[in-house]
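Comments concern the structure below.
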Amino acid sequence: MEKFDKLLEYGQSYWLDNLSREIITNGELENRIKNEGLRGITSNPSIFNKAISSGHLYDDQIKALAGKGKKPEEIYEALAIQDIQKACDLLRPVFDASNGEDGFVSLEVSPYLARETEKTKAEARRLYKSVDRPNCMIKIPGTPEGIPAIEEMLYEGININITLLFSIESYEAVAEAYLKALERRAEEGKPIDKIASVASFFLSRIDVLTDKILSDDIIPNSHGDKKILAENLLGETAISSAKIAYQSFLNAFSGDRWEKLASKGARVQRPLWASTSNKTEGYSDTRYVEPLIGPFTVNTMPAETIEAFKHHGKVLPNTVNEDVKKALSVFSDLEKIELNLDHITDQLVKEGIEKFTDPFDSLLKSIEKEAN
(Lines give C-alpha, C1' and ligand atoms only; values in the text may rest on other atoms or scores of the structure.)
Protein backbone atom coordinates (compact mmCIF):
# COMPACT_ATOMS: atom_id res chain seq x y z
CA MET A 1 0.00 0.00 0.00
CA GLU A 2 2.87 2.38 0.81
CA LYS A 3 4.18 2.26 -2.78
CA PHE A 4 0.77 2.99 -4.24
CA ASP A 5 0.29 5.82 -1.74
CA LYS A 6 3.58 7.25 -2.99
CA LEU A 7 2.44 6.89 -6.60
CA LEU A 8 -0.66 8.90 -5.78
CA GLU A 9 1.39 11.49 -3.89
CA TYR A 10 3.49 11.93 -7.03
CA GLY A 11 0.39 12.39 -9.18
CA GLN A 12 -0.17 8.92 -10.63
CA SER A 13 -3.19 6.65 -10.13
CA TYR A 14 -2.88 2.93 -10.55
CA TRP A 15 -5.67 1.02 -12.25
CA LEU A 16 -6.11 -2.70 -12.75
CA ASP A 17 -5.99 -4.06 -16.29
CA ASN A 18 -8.31 -6.95 -15.58
CA LEU A 19 -11.96 -7.44 -14.75
CA SER A 20 -13.79 -10.67 -14.07
CA ARG A 21 -16.76 -11.81 -12.05
CA GLU A 22 -14.40 -13.93 -10.00
CA ILE A 23 -12.45 -11.00 -8.53
CA ILE A 24 -15.76 -9.28 -7.81
CA THR A 25 -17.34 -12.23 -6.00
CA ASN A 26 -14.26 -13.50 -4.12
CA GLY A 27 -13.49 -10.10 -2.59
CA GLU A 28 -10.20 -9.53 -4.44
CA LEU A 29 -11.39 -6.34 -6.10
CA GLU A 30 -12.76 -4.88 -2.89
CA ASN A 31 -9.51 -5.74 -1.11
CA ARG A 32 -7.43 -4.02 -3.77
CA ILE A 33 -9.59 -0.91 -3.49
CA LYS A 34 -9.58 -0.74 0.30
CA ASN A 35 -6.10 -2.03 1.10
CA GLU A 36 -3.94 -1.45 -1.97
CA GLY A 37 -5.13 1.91 -3.23
CA LEU A 38 -6.65 0.72 -6.50
CA ARG A 39 -8.32 3.66 -8.24
CA GLY A 40 -9.80 2.25 -11.46
CA ILE A 41 -10.23 -0.74 -13.78
CA THR A 42 -9.97 -1.25 -17.51
CA SER A 43 -11.45 -4.09 -19.54
CA ASN A 44 -11.42 -5.19 -23.16
CA PRO A 45 -12.79 -8.09 -25.25
CA SER A 46 -9.66 -10.17 -24.60
CA ILE A 47 -10.05 -9.79 -20.84
CA PHE A 48 -13.74 -10.70 -20.96
CA ASN A 49 -13.00 -13.67 -23.21
CA LYS A 50 -10.59 -15.06 -20.63
CA ALA A 51 -12.98 -14.37 -17.75
CA ILE A 52 -16.08 -15.85 -19.37
CA SER A 53 -14.49 -18.85 -21.11
CA SER A 54 -12.22 -20.02 -18.29
CA GLY A 55 -14.70 -20.43 -15.45
CA HIS A 56 -18.27 -21.32 -14.57
CA LEU A 57 -19.52 -18.18 -12.84
CA TYR A 58 -21.30 -17.08 -15.99
CA ASP A 59 -22.84 -20.41 -16.98
CA ASP A 60 -26.27 -20.02 -15.35
CA GLN A 61 -26.75 -16.51 -16.68
CA ILE A 62 -25.71 -17.58 -20.18
CA LYS A 63 -28.24 -20.42 -20.18
CA ALA A 64 -30.98 -18.19 -18.80
CA LEU A 65 -30.41 -15.52 -21.43
CA ALA A 66 -30.17 -18.11 -24.20
CA GLY A 67 -33.49 -19.50 -22.98
CA LYS A 68 -34.99 -16.07 -23.61
CA GLY A 69 -33.80 -16.19 -27.20
CA LYS A 70 -30.86 -13.83 -26.77
CA LYS A 71 -28.09 -13.98 -29.38
CA PRO A 72 -24.42 -14.48 -28.34
CA GLU A 73 -23.65 -10.77 -28.80
CA GLU A 74 -26.59 -9.82 -26.58
CA ILE A 75 -25.59 -12.38 -23.97
CA TYR A 76 -22.02 -11.10 -23.87
CA GLU A 77 -23.22 -7.55 -23.44
CA ALA A 78 -25.51 -8.50 -20.57
CA LEU A 79 -22.69 -10.35 -18.81
CA ALA A 80 -20.22 -7.53 -19.33
CA ILE A 81 -22.61 -4.78 -18.25
CA GLN A 82 -23.44 -6.62 -15.02
CA ASP A 83 -19.74 -6.93 -14.16
CA ILE A 84 -19.08 -3.30 -15.08
CA GLN A 85 -21.98 -2.12 -12.91
CA LYS A 86 -20.79 -4.10 -9.88
CA ALA A 87 -17.23 -2.86 -10.32
CA CYS A 88 -18.48 0.72 -10.68
CA ASP A 89 -20.41 0.35 -7.44
CA LEU A 90 -17.34 -0.97 -5.61
CA LEU A 91 -15.25 1.94 -6.92
CA ARG A 92 -17.92 4.57 -6.32
CA PRO A 93 -16.37 5.67 -2.97
CA VAL A 94 -13.09 6.39 -4.82
CA PHE A 95 -15.01 8.33 -7.47
CA ASP A 96 -16.82 10.39 -4.86
CA ALA A 97 -13.76 11.02 -2.69
CA SER A 98 -11.69 12.14 -5.69
CA ASN A 99 -14.47 14.40 -6.98
CA GLY A 100 -14.76 12.35 -10.15
CA GLU A 101 -11.03 12.21 -10.88
CA ASP A 102 -10.72 8.45 -10.32
CA GLY A 103 -12.88 5.43 -9.56
CA PHE A 104 -13.67 4.64 -13.21
CA VAL A 105 -14.41 1.32 -14.87
CA SER A 106 -14.00 1.08 -18.65
CA LEU A 107 -16.16 -0.83 -21.10
CA GLU A 108 -15.10 -1.08 -24.75
CA VAL A 109 -17.29 -0.71 -27.79
CA SER A 110 -17.32 -3.74 -30.10
CA PRO A 111 -13.93 -4.23 -31.80
CA TYR A 112 -15.84 -4.78 -35.04
CA LEU A 113 -16.59 -1.04 -35.05
CA ALA A 114 -13.01 0.28 -34.95
CA ARG A 115 -13.39 1.68 -38.49
CA GLU A 116 -17.07 2.70 -38.18
CA THR A 117 -17.60 6.24 -36.90
CA GLU A 118 -21.39 6.42 -36.76
CA LYS A 119 -21.86 2.90 -35.44
CA THR A 120 -19.27 3.60 -32.75
CA LYS A 121 -21.24 6.67 -31.65
CA ALA A 122 -24.48 4.71 -31.45
CA GLU A 123 -22.92 1.87 -29.45
CA ALA A 124 -21.10 4.22 -27.08
CA ARG A 125 -24.35 6.01 -26.28
CA ARG A 126 -26.20 2.74 -25.78
CA LEU A 127 -23.54 1.15 -23.56
CA TYR A 128 -23.14 4.25 -21.39
CA LYS A 129 -26.89 4.45 -20.89
CA SER A 130 -27.14 0.72 -20.14
CA VAL A 131 -24.42 0.77 -17.49
CA ASP A 132 -26.03 3.86 -15.96
CA ARG A 133 -23.15 4.73 -13.66
CA PRO A 134 -21.37 8.12 -13.56
CA ASN A 135 -18.02 6.38 -13.07
CA CYS A 136 -18.25 4.34 -16.27
CA MET A 137 -15.91 5.14 -19.15
CA ILE A 138 -16.55 3.95 -22.67
CA LYS A 139 -13.46 2.85 -24.58
CA ILE A 140 -13.12 3.95 -28.18
CA PRO A 141 -10.00 3.27 -30.27
CA GLY A 142 -8.06 6.29 -31.44
CA THR A 143 -8.26 5.35 -35.10
CA PRO A 144 -8.92 8.05 -37.72
CA GLU A 145 -12.53 6.85 -37.78
CA GLY A 146 -12.70 6.79 -33.98
CA ILE A 147 -11.55 10.36 -33.38
CA PRO A 148 -14.77 12.07 -34.64
CA ALA A 149 -16.77 9.66 -32.46
CA ILE A 150 -14.55 10.45 -29.48
CA GLU A 151 -15.10 14.19 -29.87
CA GLU A 152 -18.86 13.80 -30.28
CA MET A 153 -19.25 11.50 -27.27
CA LEU A 154 -17.25 13.83 -25.05
CA TYR A 155 -19.34 16.73 -26.32
CA GLU A 156 -22.44 14.77 -25.32
CA GLY A 157 -21.03 14.32 -21.80
CA ILE A 158 -19.93 10.69 -21.99
CA ASN A 159 -16.66 9.79 -20.25
CA ILE A 160 -14.23 8.32 -22.77
CA ASN A 161 -11.13 6.15 -22.49
CA ILE A 162 -9.30 6.40 -25.82
CA THR A 163 -7.52 3.15 -26.56
CA LEU A 164 -4.93 1.78 -29.02
CA LEU A 165 -2.70 4.85 -29.11
CA PHE A 166 0.82 4.11 -30.31
CA SER A 167 2.04 7.30 -31.99
CA ILE A 168 2.63 10.87 -30.84
CA GLU A 169 0.47 12.13 -33.71
CA SER A 170 -2.46 9.97 -32.64
CA TYR A 171 -2.08 11.07 -29.05
CA GLU A 172 -2.09 14.74 -30.08
CA ALA A 173 -5.17 14.16 -32.25
CA VAL A 174 -7.21 12.76 -29.35
CA ALA A 175 -6.06 15.54 -27.03
CA GLU A 176 -7.30 18.01 -29.66
CA ALA A 177 -10.62 16.13 -29.89
CA TYR A 178 -11.03 16.46 -26.12
CA LEU A 179 -10.31 20.18 -26.15
CA LYS A 180 -12.70 20.77 -29.05
CA ALA A 181 -15.46 18.85 -27.28
CA LEU A 182 -15.06 20.93 -24.12
CA GLU A 183 -14.97 24.17 -26.13
CA ARG A 184 -18.16 23.25 -27.96
CA ARG A 185 -19.92 22.59 -24.68
CA ALA A 186 -18.58 25.76 -23.07
CA GLU A 187 -19.71 27.89 -26.03
CA GLU A 188 -23.22 26.54 -25.57
CA GLY A 189 -23.19 27.18 -21.84
CA LYS A 190 -23.10 23.50 -20.95
CA PRO A 191 -21.12 22.36 -17.87
CA ILE A 192 -17.69 20.86 -18.49
CA ASP A 193 -16.57 20.15 -14.93
CA LYS A 194 -17.91 16.58 -14.78
CA ILE A 195 -16.42 15.21 -18.01
CA ALA A 196 -13.48 12.84 -17.64
CA SER A 197 -11.23 11.23 -20.22
CA VAL A 198 -7.98 9.30 -20.39
CA ALA A 199 -5.78 8.72 -23.44
CA SER A 200 -4.37 5.18 -23.30
CA PHE A 201 -0.87 4.99 -24.77
CA PHE A 202 0.16 1.37 -25.36
CA LEU A 203 3.77 0.56 -24.53
CA SER A 204 5.14 -2.99 -24.52
CA ARG A 205 3.77 -3.79 -27.97
CA ILE A 206 5.84 -0.92 -29.39
CA ASP A 207 9.04 -2.47 -28.07
CA VAL A 208 8.09 -5.99 -29.17
CA LEU A 209 7.62 -4.99 -32.81
CA THR A 210 10.42 -2.43 -32.99
CA ASP A 211 12.92 -4.78 -31.37
CA LYS A 212 11.91 -7.55 -33.76
CA ILE A 213 12.59 -5.35 -36.78
CA LEU A 214 15.90 -4.20 -35.28
CA SER A 215 17.00 -7.75 -34.39
CA ASP A 216 15.74 -9.59 -37.46
CA ASP A 217 16.42 -7.05 -40.18
CA ILE A 218 18.41 -3.94 -39.40
CA ILE A 219 21.16 -5.27 -37.08
CA PRO A 220 22.05 -8.37 -39.17
CA ASN A 221 22.23 -6.27 -42.34
CA SER A 222 24.11 -3.30 -40.92
CA HIS A 223 27.76 -2.48 -40.30
CA GLY A 224 29.81 0.00 -38.33
CA ASP A 225 28.07 2.96 -36.70
CA LYS A 226 24.65 2.02 -38.05
CA LYS A 227 24.84 -1.42 -36.45
CA ILE A 228 25.99 0.02 -33.13
CA LEU A 229 23.22 2.60 -33.26
CA ALA A 230 20.59 -0.07 -33.96
CA GLU A 231 21.85 -2.27 -31.13
CA ASN A 232 21.64 0.65 -28.71
CA LEU A 233 18.02 1.26 -29.71
CA LEU A 234 16.78 -2.12 -28.49
CA GLY A 235 14.15 -1.62 -25.78
CA GLU A 236 14.20 2.18 -26.06
CA THR A 237 11.27 3.09 -28.30
CA ALA A 238 8.22 2.60 -26.08
CA ILE A 239 9.40 4.54 -23.04
CA SER A 240 10.79 7.28 -25.29
CA SER A 241 7.42 7.51 -27.04
CA ALA A 242 5.63 7.85 -23.71
CA LYS A 243 7.97 10.57 -22.48
CA ILE A 244 7.51 12.57 -25.69
CA ALA A 245 3.74 12.07 -25.55
CA TYR A 246 3.80 13.43 -21.99
CA GLN A 247 5.51 16.58 -23.25
CA SER A 248 2.68 16.91 -25.79
CA PHE A 249 0.25 16.55 -22.89
CA LEU A 250 1.94 19.37 -20.99
CA ASN A 251 1.75 21.59 -24.05
CA ALA A 252 -1.89 20.78 -24.81
CA PHE A 253 -3.06 21.46 -21.27
CA SER A 254 -1.39 24.78 -20.64
CA GLY A 255 -1.61 28.28 -22.05
CA ASP A 256 -4.55 30.59 -22.74
CA ARG A 257 -6.68 28.05 -24.59
CA TRP A 258 -6.58 25.60 -21.71
CA GLU A 259 -6.88 28.21 -18.98
CA LYS A 260 -10.21 29.38 -20.41
CA LEU A 261 -11.55 25.83 -20.04
CA ALA A 262 -9.91 25.26 -16.65
CA SER A 263 -11.59 28.42 -15.34
CA LYS A 264 -14.92 26.71 -16.02
CA GLY A 265 -13.87 23.61 -14.06
CA ALA A 266 -12.48 21.44 -16.86
CA ARG A 267 -10.11 18.68 -15.87
CA VAL A 268 -7.18 17.54 -17.98
CA GLN A 269 -7.37 14.45 -20.15
CA ARG A 270 -4.85 12.25 -18.37
CA PRO A 271 -2.31 10.12 -20.23
CA LEU A 272 -2.79 6.48 -19.30
CA TRP A 273 0.09 4.03 -19.72
CA ALA A 274 -1.36 0.75 -21.03
CA SER A 275 0.14 -2.58 -22.10
CA THR A 276 2.55 -2.29 -19.17
CA SER A 277 3.44 -5.95 -18.68
CA ASN A 278 6.91 -6.78 -19.98
CA LYS A 279 6.79 -9.13 -22.95
CA THR A 280 10.51 -9.39 -23.68
CA GLU A 281 12.83 -11.80 -21.90
CA GLY A 282 15.65 -10.04 -20.12
CA TYR A 283 13.84 -6.73 -19.60
CA SER A 284 12.73 -5.58 -16.16
CA ASP A 285 9.16 -6.50 -15.21
CA THR A 286 8.62 -2.96 -13.89
CA ARG A 287 10.16 -1.18 -16.88
CA TYR A 288 6.86 0.40 -17.94
CA VAL A 289 6.08 1.74 -14.47
CA GLU A 290 9.16 3.19 -12.83
CA PRO A 291 10.25 5.64 -15.60
CA LEU A 292 6.75 6.99 -16.24
CA ILE A 293 5.61 8.34 -12.87
CA GLY A 294 4.35 11.90 -12.87
CA PRO A 295 1.50 14.35 -12.31
CA PHE A 296 -1.87 13.69 -13.97
CA THR A 297 -0.94 10.19 -15.18
CA VAL A 298 -2.54 6.76 -14.84
CA ASN A 299 -0.82 3.39 -15.10
CA THR A 300 -3.12 0.45 -15.74
CA MET A 301 -1.35 -2.75 -14.76
CA PRO A 302 -2.17 -6.45 -15.01
CA ALA A 303 -1.97 -8.41 -11.77
CA GLU A 304 1.54 -9.74 -12.41
CA THR A 305 2.94 -6.24 -12.93
CA ILE A 306 1.22 -5.04 -9.76
CA GLU A 307 2.82 -7.85 -7.79
CA ALA A 308 6.25 -7.18 -9.30
CA PHE A 309 5.95 -3.48 -8.52
CA LYS A 310 4.84 -4.19 -4.96
CA HIS A 311 7.79 -6.54 -4.47
CA HIS A 312 10.71 -4.64 -5.96
CA GLY A 313 9.48 -1.55 -7.83
CA LYS A 314 11.05 1.82 -7.16
CA VAL A 315 8.89 4.92 -6.69
CA LEU A 316 10.51 8.23 -7.54
CA PRO A 317 8.80 11.55 -8.30
CA ASN A 318 8.31 12.89 -11.83
CA THR A 319 10.40 10.29 -13.64
CA VAL A 320 8.24 10.82 -16.73
CA ASN A 321 9.90 14.23 -17.15
CA GLU A 322 13.42 12.83 -16.96
CA ASP A 323 15.60 11.94 -19.95
CA VAL A 324 13.38 13.77 -22.44
CA LYS A 325 16.41 14.75 -24.51
CA LYS A 326 17.40 11.09 -24.64
CA ALA A 327 13.89 10.19 -25.79
CA LEU A 328 14.10 12.73 -28.60
CA SER A 329 17.50 11.36 -29.59
CA VAL A 330 16.01 7.86 -29.80
CA PHE A 331 13.50 9.14 -32.35
CA SER A 332 16.31 10.88 -34.22
CA ASP A 333 18.40 7.70 -34.24
CA LEU A 334 15.47 5.66 -35.54
CA GLU A 335 15.37 8.01 -38.52
CA LYS A 336 19.12 7.69 -39.00
CA ILE A 337 18.90 3.91 -39.35
CA GLU A 338 15.87 4.36 -41.65
CA LEU A 339 13.37 2.63 -39.38
CA ASN A 340 9.97 4.09 -40.22
CA LEU A 341 8.14 4.54 -36.94
CA ASP A 342 4.93 5.55 -38.73
CA HIS A 343 4.80 2.17 -40.44
CA ILE A 344 5.34 0.47 -37.08
CA THR A 345 2.58 2.36 -35.31
CA ASP A 346 0.18 1.82 -38.22
CA GLN A 347 0.88 -1.90 -38.04
CA LEU A 348 0.38 -1.89 -34.27
CA VAL A 349 -3.05 -0.28 -34.62
CA LYS A 350 -4.03 -2.94 -37.17
CA GLU A 351 -2.70 -5.73 -34.96
CA GLY A 352 -4.34 -4.16 -31.90
CA ILE A 353 -7.75 -4.29 -33.55
CA GLU A 354 -7.11 -7.93 -34.49
CA LYS A 355 -6.00 -8.72 -30.93
CA PHE A 356 -9.46 -7.64 -29.78
CA THR A 357 -11.56 -9.01 -32.64
CA ASP A 358 -10.02 -12.50 -32.54
CA PRO A 359 -10.77 -13.12 -28.83
CA PHE A 360 -14.17 -11.51 -29.32
CA ASP A 361 -14.91 -14.08 -32.02
CA SER A 362 -13.73 -16.83 -29.67
CA LEU A 363 -15.82 -15.41 -26.86
CA LEU A 364 -19.01 -15.43 -28.92
CA LYS A 365 -18.31 -19.03 -29.95
CA SER A 366 -17.80 -20.01 -26.31
CA ILE A 367 -21.07 -18.35 -25.33
CA GLU A 368 -22.89 -20.08 -28.19
CA LYS A 369 -21.45 -23.44 -27.14
CA GLU A 370 -22.41 -22.92 -23.49
CA ALA A 371 -25.91 -21.76 -24.45
CA ASN A 372 -26.68 -24.95 -26.38
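If I filter the range 325-351 down to residues being outside any helix (DSSP H, G or I) and surrounded by 14 or more Cβ atoms within 10 Å (Cβ to Cβ), which single residue comes out as nearest to the chain's Cα centre (by Cα)?
LEU339
Can you tell me which residue among GLU354, GLU368 is surrounded by 14 or more Cβ atoms within 10 Å (Cβ to Cβ) and either acidic (Asp, Glu) or touching a residue at least 60 places away in the same chain (Cβ under 8 Å) (or both)?
GLU368
All but one of (1) on the phi > 0 side of the Ramachandran plot; (2) in a helix (DSSP H, G or I) hold for LYS310, so report the exception by its number.
Checking LYS310 against (1) on the phi > 0 side of the Ramachandran plot; (2) in a helix (DSSP H, G or I), the one that fails is (1).
Can you confirm whether ILE150 is of a type in the set (A, V, I, L, M) and not in a helix (DSSP H, G or I)?
no
Can you tell me which residue among ASN26, ASN49, ASN35, ASN31 is under 20 Å from the mean Cα position of the chain (by Cα) and within 25 Å of THR305 (Cα to Cα)?
Just a single option satisfies the conditions, and that option is ASN49.
Here's the yes/no breakdown for (1) touching a residue at least 40 places away in the same chain (Cβ under 8 Å); (2) in a helix (DSSP H, G or I):
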| site | (1), (2) |
| --- | --- |
| VAL268 | no, no |
| LEU272 | yes, no |
| GLY282 | no, no |
| ILE306 | yes, yes |
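Just give me the residues in the range 294-304 being part of a strand (DSSP E or B) and either farther than 17 Å from SER241 by Cβ or without any contact (Cβ under 8 Å) to a residue 40 or more places away in the chain (or both), in sequence order.
MET301
Take the range 154-168 and flag every residue that is within 21 Å of GLU183 (Cα to Cα) and surrounded by 24 or more Cβ atoms within 10 Å (Cβ to Cβ).
Matches in the range 154-168: LEU154, ILE160, ASN161, ILE162.
Within the range 154-164, can one find any residue that is assigned to a helix (DSSP H, G or I) and polar (S, T, N, Q)?
no
Could you look through the range 176-191, keep only residues that are crowded, with 20+ Cβ neighbours inside 10 Å and in contact with a Phe, Trp or Tyr (Cβ under 7 Å, 6 or more places away or on another chain), and pick out the one that is farthest from ASP17 (Cα to Cα)?
So, considering only residues that are crowded, with 20+ Cβ neighbours inside 10 Å and in contact with a Phe, Trp or Tyr (Cβ under 7 Å, 6 or more places away or on another chain), the one farthest from ASP17 (Cα to Cα) is ARG185.
Here are the criteria: (1) over 20 Å from MET301 (Cβ atoms); (2) modelled with pLDDT of 95 or more. Tell me which single one SER222 does not satisfy.
(2)
Every residue in the range 338-372 that is farther than 23 Å from PRO291 by Cβ and of a type in the set (Val, Ile, Thr), please.
VAL349, ILE353, THR357, ILE367
Residues that are in contact (Cβ under 8 Å) with a residue 12 or more places away in the chain and touching a Ser or Thr at 6+ places or on another chain (Cβ under 7 Å), at least 1 per element: which helices (runs of 4 or more DSSP H) completely within the range 14-90 meet that?
45-53
Of the numbered conditions (1) in contact (Cβ under 8 Å) with a residue 60 or more places away in the chain; (2) in a helix (DSSP H, G or I); (3) out of contact with any Lys or Arg (no Cβ under 7 Å at 6 or more places or on another chain); (4) under 19 Å from VAL208 (Cβ atoms), PRO291 fails exactly one; give the number of that condition.
Of the numbered conditions (1) in contact (Cβ under 8 Å) with a residue 60 or more places away in the chain; (2) in a helix (DSSP H, G or I); (3) out of contact with any Lys or Arg (no Cβ under 7 Å at 6 or more places or on another chain); (4) under 19 Å from VAL208 (Cβ atoms), the odd one out for PRO291 is (1).
Select, from SER20, SER46, SER53, the only residue that is crowded, with 22+ Cβ neighbours inside 10 Å, in contact with a helix residue (DSSP H, G or I) (Cβ under 7 Å, 6 or more places away or on another chain) and not aromatic (Phe, Trp, Tyr).
SER20
Do you know which of the residues in the range 227-258 that are of a type in the set (D, E, K, R) and surrounded by fewer than 16 Cβ atoms within 10 Å (Cβ to Cβ) is farthest from ASP207 (Cα to Cα)?
So, considering only residues that are of a type in the set (D, E, K, R) and surrounded by fewer than 16 Cβ atoms within 10 Å (Cβ to Cβ), the one farthest from ASP207 (Cα to Cα) is ASP256.
Assess whether GLU322 counts as being farther than 16 Å from PHE201 by Cβ and either buried (at least 22 other Cβ atoms within 10 Å of the Cβ) or out of contact with any Ser or Thr (no Cβ under 9 Å at 6 or more places or on another chain) (or both).
When the stated conditions are applied, GLU322 passes them.
Would you mention how many residues in the range 196-247 are in contact with a strand residue (DSSP E or B) (Cβ under 8 Å, 6 or more places away or on another chain), closer than 17 Å to GLU169 by Cβ and either assigned to a helix (DSSP H, G or I) or not polar (S, T, N, Q) (or both)?
8
Go through (1) more than 18 Å from the chain's Cα centre (by Cα); (2) under 23 Å from PHE202 (Cβ atoms); (3) not aromatic (Phe, Trp, Tyr) and name the single condition LEU107 misses.
(1)
The values are calculated or read from the model by the stated rules, or taken from the named source; none is laboratory data. Just so we're clear, the structure is a prediction, and the values are computed from it rather than from any experiment. Cβ: placed from backbone, ideal geometry, glycine included. Neighbour counts: every protein chain shown.
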